[in-house]
Amino acid sequence: MQILVKPVTLYPLMMKKFLFFFFLLFAQSSFAQVFLSGTVADSLTHSPISGVTAMVSPGNKADVTDESGHFSFKNLPVSTGTITFSAVGYGKVSLPLAEYRKGQIVYLAQRSTALADVVISAGGTNPYKAISETDIKLRGVANSQEVLHIIPGLFIGQHQGGGKAEQIFLRGFDNDHGTDISLSVDGMPINMVSHAHGQGYADSHFIIPETIESTTYEKGMYNAEKGDLAVTGFADFHTADAIGTNTVKLEAGQYNTYRLLGMVNLLGDKARANSQSWYAASEYRYSDSYFDNLQHFKRFNFFTKYHGRLDDHNWLTVSASTLYSKWKASGQIPESAVNEGAVGFYGALDPNEGGVTSRTNINAQLLTTLSDHDLIKNQLYYSRYKFDLHTNFTFYLVDTVNGDEIRQKEARNLYGYNGSYQHESYLGKMKLTSEAGLNARLDVTSNSELSHTVNNYTVINPIKLGDITETGAGAYLSETLQLSLKLTLNAGLRFDQFYYRYNNKLASDTTLNGVGVYKASNNTISPKLRLTYQATDAAQFYLFTGKGFHSNDTRVVVAEKGLQTLPAAYGADLGTVLKPAKNLLFNAALWYSYLQKEYVYAGDGGTVDFSGRTRRVGFDLSGRYQPTGAIYLDADVNYAHGRAIDDPKGANYIPLAPVWSSTGGITYNLKNGFNGSLRYRWLGDRPANEDYSLKAEGYFVNDLVLNYTRPKYEVGLTINNLFGVKWKETQFETVTRLKGQAAVDGIAFTAGTKFLAVAHVSYFFK
């Protein structure tokens, strides 16, 4: 039995009139008739393919398949013309309309990816779809950091040797480790809220790069499905439902760097013919890294996934994964200490820095198609997570005897649910896609700790200790109306409710009134509006606007009793997608964002800091060019101008906010088996503090990949920092004190990778 809950009951009374309009459209459309529909599936796995463009000509009327592979049209001249199905990475299929049978399954065969296969079609509301599809298939994901590099304009910085989540920069935001960007894999959130180290902490290292098949991302706060943290944008990584071949891969390189990967099918060809697949993947990585202080970095990952058709209307996907990582880290060192010769550029001042982390996930999804092709998605997920980090940013600034080492620790259970109902119908000749959804997650931590320590585990002064229970629930409604062959309107509304509970176990915690349980709650409503105009077959323009937000740490909310602890972000994008030639693609956007003032929990000090209002404007430009089938060129250029609104001019810079940045490269794939890429990433100078008296230096770094691939094996070489430049991966304004010396206010940094060469050999087998 299926129970449909009307989301209108979840919204405040003040929004009823607004919602009534949506549901009136929803109800009226249910009487419309669809004249042509069907499903598109992979010819090898028989799994449905989403994102396929079905185009009827003449007239170029188009639709894009949903997650069940379904498409539909109304009022088509079935006696003449053709219907063509195209998708990146698949061969085109064209059928005469007169021969097409309503409801039939169309199978597409996989083939080499070509930019010429990209179709700019009306009806879509994600302007990044075309670029994301071609990038990941033509460029691939070479390592765990490339998981995030695939997003144009996104930069990352690592200051804990690879064991800790990266610092993320996008659209003029220092997102820290995920505060203003929402990341997920197969619908399961990567971000951790009320984390021991920082809000939204997103450690994606449990993803094995070779398992990623596609990535869906959007910039800005305009998608009603996305709630908490989706301010600068979101990215959903999708692992493959099935793998074509078994793989064993061995990597070895400088600084005692090793990696062993295995991927195997657990079911045979008979199961695949019955639309069933199950595979497992595992990797082990070790590296001493390029720092003077050996890091002894270790990471183990395991992942397995089952995907299969239960019956004509239900697809089940179940996956499980586990991660364990342990490392020592060089951490951040002051520029002043390097200049004075107290420590080398790649040296360490506290060899005890490092950590241990683990995460185990279970993820189950059920996709159900009804007889009228309505789509129901249900997902349940669970994560068991542990984190234990030891750092020292200020050395002997506070404790001149023992040093300022801190320990951040937590153990967490994360439970979650995502559900949605999608209905396609027509209002006259206008296609209407209605989607209603529910999201819920429960984060429960035990003994979330911040302590001043020595030798990692000896506590000198406990700063924070308590149990966190945070519940977040959201409901959204999204209506997409194709007003004409050229014009598409999407209107969305989202409501999010949060409940916070903190069991404080420290009487010395001065931000609270003693030991005990503290509770709070807050909520927000987020409207979204997206308009796309299909000017020609090669040009699309869009205007997006909306409201987003990021939640704050439970320890802030209960201390401030909800005041400014759910700050709103407002934004707008004006952009275009252009394809002036079959092998040339551009995406460009002018954007604006405004963020309300708020109170922020500082995980490294256990304090609550005030953050004022900010305003940012900028532009993004991406270009893709494939002059021949073997060559693929890409480039992204990004600019952001950000200022704090409430501070005086000259003292209103946003620390570490990127200004100019660019990435790009050339990828080649020759018929004789040789393939690879040469890439660059450039991040310009940017302010390190509010008055720009300190500068975070930019860098320009190149990476090279060389491969020789045959059906049974591959050998290759990857070189990071090809030209051996000396660069600073992360930089902060920090007041530090070396032992026996005076305090210094200046830049502290973590050195970027030296020239690093890693060779690999892979063996493919059935």
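Annotations for the structure displayed:
- Test result for GLY492, in contact (Cβ under 8 Å) with a residue 40 or more places away in the chain, under 30 Å from LEU563 (Cα atoms) and assigned by TED's automatic domain parsing to the domain that holds SER448: yes
- Taking the numbered list (1) free of Cβ contacts under 8 Å to residues at least 12 places away in the same chain; (2) assigned to a strand (DSSP E or B) in turn, LYS305 passes all entries but (1).
- Reported count of residues in region 165-207, each being small (Gly, Ala, Ser), surrounded by 23 or more Cβ atoms within 10 Å (Cβ to Cβ) and either assigned to a strand (DSSP E or B) or outside the structural domain of LYS464 (by TED's automatic domain parsing) (or both), is 2.
- Sub-7 Å Cβ pairs linking a first residue in region 225-244 that is part of a loop (DSSP other than H, G, I, E, B) to a second residue that is surrounded by fewer than 20 Cβ atoms within 10 Å (Cβ to Cβ) and acidic (Asp, Glu), at least 6 apart or interchain, are ALA240/GLU213, ordered by first then second residue.
- Counting residues in region 650-665 that are surrounded by fewer than 15 Cβ atoms within 10 Å (Cβ to Cβ) and more than 23 Å from the chain's Cα centre (by Cα) gives one or more.
- Region 245-279, residues that are assigned to a strand (DSSP E or B) and among the charged types (D, E, K, R): LYS249, GLU251, ARG259
- Filtered residues of region 442-478 (kept if under 24 Å from ASN523 (Cα atoms) and either outside the structural domain of PHE495 (by TED's automatic domain parsing) or surrounded by fewer than 22 Cβ atoms within 10 Å (Cβ to Cβ) (or both)): LEU442, VAL444, ASP467, THR469, GLU470, THR471, GLY472, ALA473
- Boolean, LYS137 is of a type in the set (Lys, Arg) and either farther than 16 Å from PHE237 by Cα or modelled with pLDDT of 85 or more (or both): no
- Yes/no for GLU405 being in contact (Cβ under 8 Å) with a residue 40 or more places away in the chain, within 19 Å of LEU370 (Cα to Cα) and out of contact with any His (no Cβ under 6 Å at 6 or more places or on another chain): no
- With respect to the conditions (1) in a strand (DSSP E or B); (2) farther than 26 Å from TYR632 by Cα; (3) more than 27 Å from the chain's Cα centre (by Cα), VAL715 lacks only one, and its number is (2).
- Screening LYS305 on (1) modelled with pLDDT under 95; (2) within 22 Å of MET188 (Cα to Cα) shows it passes everything except condition (1).
- Within region 328-356, considering residues that are of a type in the set (A, V, I, L, M, F, W, C) and part of a strand (DSSP E or B), the one farthest from ASP372 (Cα to Cα): ILE333
- Filtering region 189-202 to residues that are touching a residue at least 60 places away in the same chain (Cβ under 8 Å) and under 11 Å from the mean Cα position of the chain (by Cα) leaves only PRO189.
- The listed residue being out of contact with any Pro (no Cβ under 7 Å at 6 or more places or on another chain), at pLDDT 90 or above, within 30 Å of ALA41 (Cα to Cα) and not small (Gly, Ala, Ser), out of LEU323, LEU294, LEU266, LEU349: LEU266
- Counting only strands (runs of 3 or more DSSP E) that fall entirely inside region 612-687 and contain at least 2 residues that are under 20 Å from LYS579 (Cβ atoms) and in contact (Cβ under 8 Å) with a residue 12 or more places away in the chain, the qualifying elements are 614-628, 631-644, 660-669.
- Considering SER325, SER282, SER319, the condition of being within 30 Å of THR368 (Cβ to Cβ), part of a strand (DSSP E or B), in the same structural domain as VAL343 (by TED's automatic domain parsing) and of a type in the set (S, T, N, Q) is satisfied by SER319 alone.
A quick yes/no check of all residues on (1) under 28 Å from ASP117 (Cβ atoms); (2) in contact with a helix residue (DSSP H, G or I) (Cβ under 7 Å, 6 or more places away or on another chain); (3) at pLDDT 95 or above:
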| residue | (1), (2), (3) |
| --- | --- |
| ASN513 | no, no, no |
| ALA538 | yes, no, no |
| THR545 | no, no, yes |
| TYR570 | no, no, yes |
| TYR601 | no, yes, no |
| GLY606 | no, no, no |
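- Close pairs from region 590-609: first free of Cβ contacts under 8 Å to residues at least 12 places away in the same chain, partner in a strand (DSSP E or B) and surrounded by 15 or more Cβ atoms within 10 Å (Cβ to Cβ), Cβ under 6 Å, at least 6 apart: ASP609/VAL600
- Candidate set: region 303-357, residues that are among the polar types (S, T, N, Q) and crowded, with 21+ Cβ neighbours inside 10 Å; chosen: the one nearest to TYR201 (Cα to Cα): THR357
The values are calculated or read from the model by the stated rules, or taken from the named source; none is laboratory data. Given the structure is predicted, the values throughout are model-derived calculations rather than measurements. Backbone-built Cβ (ideal geometry, glycine too); neighbour counts: all protein chains shown.
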